[in-house]
Amino acid sequence: MTQPVDAFKTALDFTLKWEAGVGNAKDLAGVVNRGISQRSYDSYRQRKGKPLQSVLKISEEEVENLYYEDYWLASKADLMCLPLAVVHFDTAVNFSVRGSIKFLQEVLGGLVVDGKFGSQTAAALQKQNTLETAKRYCQERRNYRFQRVKENPTQQQFLKGWLRRDDDLIEFISRLGDETAVLDVGNKEE
């Protein structure tokens, strides 16, 4: 890992502020608790050799471990400056890891948008691992949300909350500043 665990905790604290409880029954993800779907929780418990149970019974330790392994590390947020890592992690939670990498590739520009973090994505990230990239990323999220509602009007009921979250995210990362000193960006084995 290239960032101390507190970078993850900073991102997790932001995300859990918005993923505080049980999700809305009309959410396309189905049953969700603390932002974790039943399907994600089942996969996590199977990997750990534990019997399946309702995501409504997830422990705080499981929440933190699942987010760290399945979202923080899987999305490569540990390779990013703190503001960008927070945005990318929160996006992985909201849109899936593959979805977050697609957002990142769009924002970095000049890449095949395939949701796979390869050497070209790593090289582009190394050149644009900044607060400004994080801010552009937030704007892409906002643009996508409007498009999503246009394509599926049943999601209109969530738009105001989604935009409040995005506004809060932009404000939060702006306060963090442009912490771009990240060790080993792009030097990690793929």
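The values are calculated or read from the model by the stated rules, or taken from the named source; none is laboratory data. On a predicted model such as this, the values are computed, not experimentally measured, just so you know. Positions of Cβ are generated from backbone atoms using ideal geometry, with glycine treated the same way; all protein chains shown enter the neighbour counts. For accessibility, only protein heavy atoms count, side chains too; no ligands or nucleic acids. Shrake-Rupley method; radii C 1.70, N 1.55, O 1.52, S 1.80 Å.
State the extension gain, in nm to one decimal, for the chain segment bounded by residue 152 and residue 56, taking 0.36 nm per residue of separation less the distance between their alpha-carbons.
Residue separation times 0.36 nm, minus the Cα-Cα distance, leaves 31.8 nm.
Using 26 Å as the Cα-Cα cut-off, could you pick out the over-long pairs in 9/48; 127/160; 17/127; 76/135?
127/160; 17/127
Multiply the residue gap between residue 123 and residue 167 by 0.36 nm, knock off their C-alpha separation, and tell me the result in nm, one decimal place.
Taking residue 123 through residue 167 to full extension adds about 13.0 nm, to one decimal.
Taking R0 as 30 Å, what's the FRET efficiency between residue 132 and residue 73 from their Cβ-Cβ distance, rounded to 0.05?
Efficiency computed from Cβ-Cβ geometry: 0.75.
Report the local net charge at residue 89: Lys and Arg +1, Asp and Glu -1, summed over other residues whose C-beta lies under 12 Å from its C-beta.
-3
Report, by chain and number, residues whose modeled amide H sits under 5 Å from the one on residue 115, excluding near sequence neighbours (fewer than 5 apart, same chain).
Under 5 Å from the amide H of residue 115 lie the amide H atoms of 102, each far enough along the sequence or on another chain.
Quick one: ranking 97, 86 by accessible area, 1.4 Å probe, largest first, what do you get?
Result of the area sort, largest leading: 97, 86.
Percent of accessible area on the stretch 50-182 owned by carbon and sulfur, 1.4 Å probe?
So the carbon and sulfur contribution to the accessible surface is 50 percent.
If packing is taken as the average count of other Cβ atoms within 10 Å, what order do 158-169, 51-62, 71-82 fall into, highest mean first? Let's see the in-between values first.
On the way: 158-169: 15.6, 51-62: 12.2, 71-82: 24.0.
Ranked from most to least packed, the peptides come out as 71-82, 158-169, 51-62.
Probe radius 1.4 Å, ligands and nucleic acids left out: which of 19, 171 has the largest accessible area, and how do the rest follow?
Largest to smallest exposure gives the sequence 171, 19.
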